[in-house]
Amino acid sequence: MRGTRVATIVIGFVLVALAHGAGAQTTEGRLSQLEQEIADMKKQHSDGRLLDNVHFGGYGELHYNNPSGSGDASDTESIDFHRFVLFIGYDFSDRIRFNSELELEHSLSGNGEPGEVELEQAYIDFTLNDSHTARGGLLLLPIGILNETHEPTTFYGVERNAVEKNIIPTTWWEAGAGAHGQLLGDISYAAYIHSGLMTSTNSSYAVRSGRQKVAKAQASDLAGTLAVNWQIPGVTVGGSLQYQSDITQGADSDAGEALLREVHVDVQKGSVALLALYAHWTLDGDGPKAYGADEQYGWYIEPSFRPIETVGFFARYSEWSNSAGHSNSNAEKTQYDAGLNWWPHRQVVLKADYQWQDNEDGKDQSGFNLGLGYDF
Amino acid sequence: MTSKWLVLFLQAGGLLTLASCVSNGNRNTAVFTQDTASEISIPVIGQTERVCRESLGYTYPSTEILYYTTATSRVWTIMTRGRHGIVTSQFEIGDGAIRNIRVLSSKEQRGRQIKSQRFLRQFEGVSLSARNALNKRVDGITGATISSKAVNDAALLALKLDAAMPLKASD
């Protein structure tokens with residue numbers, strides 16, 4: 001009987017010990033499981049927050065160009081995925097944000113290939129208050145109508161207008177710092193100090209050739225841009241000034257300072273709209289003067305009519321010269337464009353236009369262009 | 001040369017800041033006084049999700065839509081996509097028309113003017129047309145089409161949601 005009691009107690013101890021051991025294992029298992037769950041939740045939470053702060057976007061445009069040349073101008077018959085662009089942004093906080101734009105031009109880049117990969121924007125905005133934001137990095141200059149906003153769904157014509165391309169010269173980006181914001185309610189501004197152009201005699205001092213694209217760019221001589229716009233619903237009237245302290249970055253003693261003045265109007269009332277822009281460069285020095293490049297200017301006017309949300313028609317007159325300093329240089333170019341945009345979706349556009357050129361040098365390209373564009 | 005630039009830049013910055021201090025007094029005159037604790041949340045599923053997609057052309061950027069009621073109106077808080085992130089707008093709607101509107105938050109840059117009273121005032125009195133669109137064409141901020149569209153889309157969605165939920169006496 002006594003032996004039975006001892007045996008019962010021993011067995012009891014063993015069972016309790018086993019149960020305790022089993023319980024401890026279960027608790028450890030549970031703890032381990034909970035820890036894993038918490039880690040997973042943290043990871044998910046963290047991933048979610050990361051994605052919440054990331055912004056993606058992009059645009060692209062496919063062009064078919066078929067103008068015929070006259071004079072000594074060549075015929076063009078080409079199809080080209082002109083631009084494939086991705087935007088990536090990241091909000092470090094509500095007040096500090098990063099934005100970037102990476103572009104592949106002409107589909108194929110590399111040695112001997114027609115295209116190139118370009119970093120067109122990579123800047124950080126520091127919000128100072130509701131009205132003012134400081135910006136630093138690689139930024140688009142706030143000049144003209146197209147340079148900052150050029151998604152294909154936002155403008156008429158397959159190709160960007162020739163005046164902003166050759167005179168502004170869009171798309172134009174530099175590295176710099178400054179601020180943008182709003183004054184007195186209806187007036188916005190942007191002011192930056194930034195890297196400058198580097199033109200040369202090789203390109204007859206044409207401003208477009210001076211874009212260094214912030215690629216190991218010479219930066220001995222800075223530039224500054226100030227832009228002001230008055231904006232009310234349906235109307236923007238604005239302009240910009242830019243000063244280049246040396247448009248050859250000190251490489252050419254026959255050239256020096258340069259000044260760009262630009263004004264524009266953008267009116268959209270109901271179904272009718274009107275764009276107009278005038279831009280004028282003056283380049284100091286005997287070098288530019290010898291090529292007539294001491295004066296480079298252009299202007300265009302573009303009325304348009306959008307009777308329904310999905311279809312719009314436009315016409316444009318453009319005139320420009322990169323060597324207007326010579327009155328007899330035969331360098332003035334004139335182009336007429338007319339066509340239509342069809343938006344099957346607000347973010348997708350199909351374009352068709354016809355261009356006529358009437359250049360002073362008699363080398364004209366006239367014909368039609370087709371385009372497909374999108375943005376998201 | 002560099003110091004000359006710096007002085008000019010600092011002077012310009014000072015003038016801009018001064019001007020903005022003077023100009024900030026007249027913003028957001030619309031009154032939205034309701035305590036937001038009484039906001040009601042609608043999950044963006046089913047019919048609501050479909051209305052959102054039809055109005056915006058994309059998936060609503062949140063899982064819920066908030067509103068609260070006053071004696072004679074309903075106030076909707078709507079989120080839409082702008083050029084630089086989410087634009088959050090608030091609409092007071094009574095008798096099927098927008099009475100008040102304000103932009104609560106926006107990161108738009110060229111489209112900063114979507115917060116201006118001159119732009120927002122255009123929406124006052126706007127209601128749904130027979131074709132379920134806004135019954136009045138609103139002029140956007142030129143050069144900031146996407147930002148302007150964000151507010152247009154929000155107005156359309158708010159009106160559609162409000163129309164789907166007629167005010168009851170108990171509201």
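The values are calculated or read from the model by the stated rules, or taken from the named source; none is laboratory data. Small disclaimer: the values here were computed from a predicted structure and weren't measured. Here Cβ is always computed from backbone atoms with ideal geometry, including for glycine, and neighbour counts include all displayed protein chains.
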May I ask you to list the residues in segment A:186-235 that are in contact (Cβ under 8 Å) with a residue 60 or more places away in the chain and either within 30 Å of A:Gln268 (Cβ to Cβ) or in a strand (DSSP E or B) (or both)? A:Val207, A:Arg208, A:Thr225, A:Ala227
Out of curiosity, is A:Gln242 under 19 Å from A:Glu120 (Cβ atoms) and either part of a helix (DSSP H, G or I) or of a type outside the set (A, V, I, L, M) (or both)? yes
Search result, residues across segment A:152-185 that are assigned to a loop (DSSP other than H, G, I, E, B) and either within 8 Å of another protein chain (Cβ to nearest Cβ) or on the phi > 0 side of the Ramachandran plot (or both): A:Gly157, A:Leu184, A:Gly185
Going by the conditions given, is A:Asp254 closer than 28 Å to A:Thr201 by Cα, surrounded by fewer than 18 Cβ atoms within 10 Å (Cβ to Cβ), away from chain B (no Cβ under 14 Å) and touching a helix residue (DSSP H, G or I) at 6+ places or on another chain (Cβ under 6 Å)? yes
Residue among A:Ser78, A:Ser107, A:Ser93 that is more than 25 Å from A:Lys351 (Cα to Cα) and of a type in the set (Gly, Ala, Ser): A:Ser93
The conditions are (1) in contact with a helix residue (DSSP H, G or I) (Cβ under 8 Å, 6 or more places away or on another chain); (2) free of Cβ contacts under 8 Å to residues at least 12 places away in the same chain, and A:His345 fails exactly one of them. Which is it? (1)
Tell me whether segment A:271-285 contains one or more residues that are under 24 Å from the mean Cα position of the chain (by Cα) and surrounded by fewer than 16 Cβ atoms within 10 Å (Cβ to Cβ). yes
Scan segment A:352-366 and tell me whether some residue there is farther than 18 Å from A:Ala73 by Cα, touching a strand residue (DSSP E or B) at 6+ places or on another chain (Cβ under 6 Å) and part of a strand (DSSP E or B). yes
Kindly evaluate B:Ser170 against the criterion of being at pLDDT below 95 and more than 30 Å from A:Ile88 (Cα to Cα). yes
Looking at B:Arg102, B:Arg110, B:Arg81, B:Arg118, which one is charged (D, E, K, R) and within 17 Å of B:Leu159 (Cα to Cα)? B:Arg102
Which residue out of B:Asp162, B:Asp153 is touching a residue at least 60 places away in the same chain (Cβ under 8 Å), within 11 Å of another protein chain (Cβ to nearest Cβ) and not hydrophobic (A, V, I, L, M, F, W, C)? B:Asp153
Within segment A:308-337, the count of residues that are assigned to a strand (DSSP E or B) and touching a strand residue (DSSP E or B) at 6+ places or on another chain (Cβ under 8 Å) comes to 16
Based on what the data block shows, is A:Gln268 within 14 Å of chain B (Cβ to nearest Cβ), over 20 Å from the mean Cα position of the chain (by Cα) and surrounded by 23 or more Cβ atoms within 10 Å (Cβ to Cβ)? no
Selection over segment B:92-130 where residues are more than 13 Å from every other protein chain (Cβ to nearest Cβ), in contact with a Lys or Arg (Cβ under 8 Å, 6 or more places away or on another chain) and of a type outside the set (D, E, K, R) yields a count of 5
Listed residues B:Gln90, B:Gln109, B:Gln113; which is in contact (Cβ under 8 Å) with a residue 40 or more places away in the chain and not aromatic (Phe, Trp, Tyr)? B:Gln90
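Identify, from the list B:Ile101, B:Ile78, the residue that is at pLDDT 95 or above, more than 21 Å from B:Gln47 (Cα to Cα), under 10 Å from the mean Cα position of the chain (by Cα) and in a strand (DSSP E or B).
Selected residue: B:Ile101, the only one of B:Ile101, B:Ile78 that is at pLDDT 95 or above, more than 21 Å from B:Gln47 (Cα to Cα), under 10 Å from the mean Cα position of the chain (by Cα) and in a strand (DSSP E or B).
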Within segment A:105-126, tally of residues that are surrounded by fewer than 18 Cβ atoms within 10 Å (Cβ to Cβ) and either in a strand (DSSP E or B) or on the phi > 0 side of the Ramachandran plot (or both): 11
